[in-house]
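Written below as structure tokens is the structure these notes are about.
What follows draws every value from the coordinates through simple rules; no lab data is involved. Quick caveat, the model's predicted, so the values are computed rather than measured. Don't worry about glycine lacking a Cβ; one is built from the backbone with ideal geometry, like all the others, and counts go over all protein chains shown.
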Amino acid sequence: MNWNRLRAMARKEMIQIRRDARSIGIVIAMPIVMLLAFGYGVSFDTKHIPVYVYDREQSQASRDFLKRFQSSRYFNVVRSVGNYPELVHAVDAGTCQIGIVIPPDFSARLGSGQAVRIQAIFDGTDSNSASLGMSYTEAVAQAHSAKLQLEWLRARGQGSVRAPLSVDSRTWFNENLESMVTIVPGVVAMVMAVVGTFLTSLTVAREWERGTMEQLISTPVTPLEIMLGKLLPYVAIGLIDTSVCAIMAVWWFEVPFRGHIWVFLLSTTLFLTVVLSLGYFFSVVAKTQLAASQISLIATFLPAFLLSGFVYPIDQMPAVVQGITHIVPARYYMAILRNVFLKGSSVFNMWPDFFGLALFAAILGLAATRIFRKKLT
Amino acid sequence: MGADDFTIELDGLTKSFPDVRAVDRLSFKVARGEIFGLVGPDGAGKTTTMRMLAGVLAPDAGSARVAGYDMTRDPEGAKQHISYMPQRFGLYEELTVDENIRFYADLFGVARAERETRAAELLQAAGMVEFRSRLAGKLSGGMKQKLGLVCALVHTPEVILLDEPTNGVDPVSRRDFWRILYTLLDQGVTILTSTAYLDEAERCHRVALLHEGRMLFCDTPENLKGNLDGAVVSVVCAEPRPVKELISGMEGISTMMIVGDGLHLVVREPGRMIPELRARIAAAGLEVDSVEEVAPSIEDLFVEAVQKKKGEKP
């Protein structure tokens, strides 16, 4: 290893990145665009479900009940309609996902102590939203029942009535249970998996395509110097990119960052070693920029999206699939980032994930030093 | 001459690709301070030979020694002493002239002061001083080739390998190119060049004619021309094919070859043949601009040599 040759390779690579508009685009724009797209585009929250109501009674009691829907952030009472066909039409047309019908004898039955049946119609085409809407609706109805029951008991002179059981919930680490808070650190991991591999997948293939490789391998430069010279600038760029993503996560998406910055940087450096080596590997094997970039997108995007725990929780997956997730390096980085952001975990808390990441960094890093041959074929 | 006086030695060098034997048991030696030319048509094996000598392609069989290094056992050791200029422009278009020079100087471990003096000299000789901060991608074809040469020479090589270095280069740049090469020869550098330009082949001390991976002849250009049995007659005409058909049966013509401006013939007695040819062509009513004896070129020698080989092995 000759330090001057390594420095010459790295400097040349930096100049090329700086002067190539496409490289600049990948380096600067791609992470930010992906972070915004995924940060906003992927949301598992069901909020503001559009609701139509058909209040057949129009009494004080029925309006009290419907007010509960209005005040909940999960519902958005769009309209009150005057007949049943109009409600059916709204569900058919998709302008509302829930239709609620209050019977004409609502207050009469309440007054006489009889059970009131409220009709709720759900659009089941999105089963996830429908089941969430159903449980929210039931919760609203139950809360209102409990309130009515207490009032009824008080009216009968039972001064201090308490509900027999209540759950006092507190969600740690993500107090408002907002999916964005868990998604955004995951997006950072995903963006770096894709961008990191993509960045280096072009470097070696470009030299083969443009004919510069033949001249390069006729010099005394060693394969290790070529590899390190090509990867080191991208490690620096990758660290900057990840930091920009993290800053955007905190300031733009308001995700808390509770961990230590060095835990973040350590895990990021390990992960960059993994993805940059992988991209380099593809680049050496594929020899054309198009093939290398396509392989790297397929090999990183889908596993990072589906098998890292980003969309589907790993512990909910079938056992075989859970086993497969262990060979997806993004899985470890994703877990570490979520914990660093939300829990403020230490390396010690997360040692299995750090171990997995370090193992992949070592294997792929070593493989990358061996793959390149200073020969034409 | 002792063994050390040869800086390039090939012995039975062979390389096959799936569909073709590109280089077939090639052997020759090039002495220190010599400029040696490889001549032959496309597919003759010139580039494959150059690549094996540059250590960027592994031979299948045979051996090659360059600058004292065995190219199969220690190609990396030899690279410090070789300058190789591939046929295709191999520099970085996003880097400026100076940045490319610095990059190659650093790879060869050239100290800064040395790099600066050498780069200044070479750029001066190449007529490129005012282009130092221009991007390599914005240079003309001739400038690119000269920059390739400057980068290849910024360290002090013992052996220079040039694969069709002046292909597509303007005459002024070609002259600069050769001037630089001759200066280096005076300093004891060995140059192996392949070329498609016959006037360039004639500037070499010795040339080897390659055909289908094999060497047909290897000698000085003068001796090779002396080997030619007879003289070359050029028939300048727009439509060479009917002329070729017409005269193909005539006695005393050993070789016929269609060239850019007509037909080249190798004949025993030009004094007798030229009037005969003129008469025969005129009688047939074919139009030609001239029928004259010309100085033989390497290409004529080449075709003649290939014909002879065919005659020897029917």
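Worth a mention:
- Taking the criterion of being more than 11 Å from chain B (Cβ to nearest Cβ), under 30 Å from residue B:77 (Cβ atoms) and among the aliphatic types (A, V, I, L, M), the residues of segment A:225-247 that qualify are A:227, A:228, A:231, A:232.
- The criterion of at least 2 residues that are under 30 Å from residue B:193 (Cβ atoms) is met by the following helices (runs of 4 or more DSSP H) wholly inside segment B:207-314: B:221-226, B:298-312.
- The listed residue being surrounded by 14 or more Cβ atoms within 10 Å (Cβ to Cβ), more than 19 Å from residue A:91 (Cβ to Cβ), free of Cβ contacts under 8 Å to residues at least 60 places away in the same chain and of a type outside the set (Val, Ile, Thr), out of A:106, A:122: A:106
- Some residue of segment A:365-373 being within 14 Å of chain B (Cβ to nearest Cβ), over 29 Å from residue A:254 (Cα atoms) and in contact with a helix residue (DSSP H, G or I) (Cβ under 9 Å, 6 or more places away or on another chain): yes
- Positions within segment B:74-86 being over 12 Å from residue B:153 (Cα atoms) and either more than 9 Å from chain A (Cβ to nearest Cβ) or of a type in the set (Ser, Thr, Tyr) (or both), in sequence order: B:74, B:78
- Of all the listed residues (B:65, B:73), the sole one being outside any helix (DSSP H, G or I), without any contact (Cβ under 8 Å) to a residue 12 or more places away in the chain and over 21 Å from residue B:181 (Cα atoms) is B:73.
- For segment B:21-39, the criterion of being buried (at least 16 other Cβ atoms within 10 Å of the Cβ), within 14 Å of chain A (Cβ to nearest Cβ), in contact with a helix residue (DSSP H, G or I) (Cβ under 6 Å, 6 or more places away or on another chain) and at negative phi is satisfied by at least one residue.
- Contact map, segment A:339-361: residues that are of a type in the set (Ser, Thr, Tyr) paired with residues that are in a helix (DSSP H, G or I), Cβ distance under 7 Å, separation 6+ or inter-chain. Pairs shown: A:345/A:339; A:346/A:263.
- Of the listed requirements (1) facing chain A (nearest Cβ under 10 Å); (2) under 23 Å from residue B:105 (Cα atoms), residue B:58 misses just one: (2).
- The single residue among B:92, B:69 that is within 26 Å of residue B:195 (Cβ to Cβ) and touching a His at 6+ places or on another chain (Cβ under 8 Å) turns out to be B:69.
- The single residue among A:179, A:169, A:127 that is over 30 Å from residue A:15 (Cα atoms), more than 14 Å from chain B (Cβ to nearest Cβ) and in contact (Cβ under 8 Å) with a residue 24 or more places away in the chain turns out to be A:179.
- Qualifying residue in segment B:89-104 (condition: touching a helix residue (DSSP H, G or I) at 6+ places or on another chain (Cβ under 9 Å), under 23 Å from residue B:53 (Cβ atoms), within 8 Å of chain A (Cβ to nearest Cβ) and charged (D, E, K, R)): no
- Tally, over segment B:123-143, of residues that are within 14 Å of chain A (Cβ to nearest Cβ) and either of a type in the set (A, V, I, L, M, F, W, C) or not in a helix (DSSP H, G or I) (or both): 4
- Residue pairs meeting the criteria (Cβ under 7 Å; at least 6 apart or on separate chains; first more than 7 Å from chain B (Cβ to nearest Cβ) and farther than 17 Å from residue B:71 by Cβ, in segment A:211-224; second among the acidic types (Asp, Glu) and crowded, with 22+ Cβ neighbours inside 10 Å): A:213/A:207; A:216/A:207
- Failed criterion for residue B:191 (all others in (1) in a loop (DSSP other than H, G, I, E, B); (2) more than 12 Å from chain A (Cβ to nearest Cβ); (3) crowded, with 19+ Cβ neighbours inside 10 Å hold): (1)
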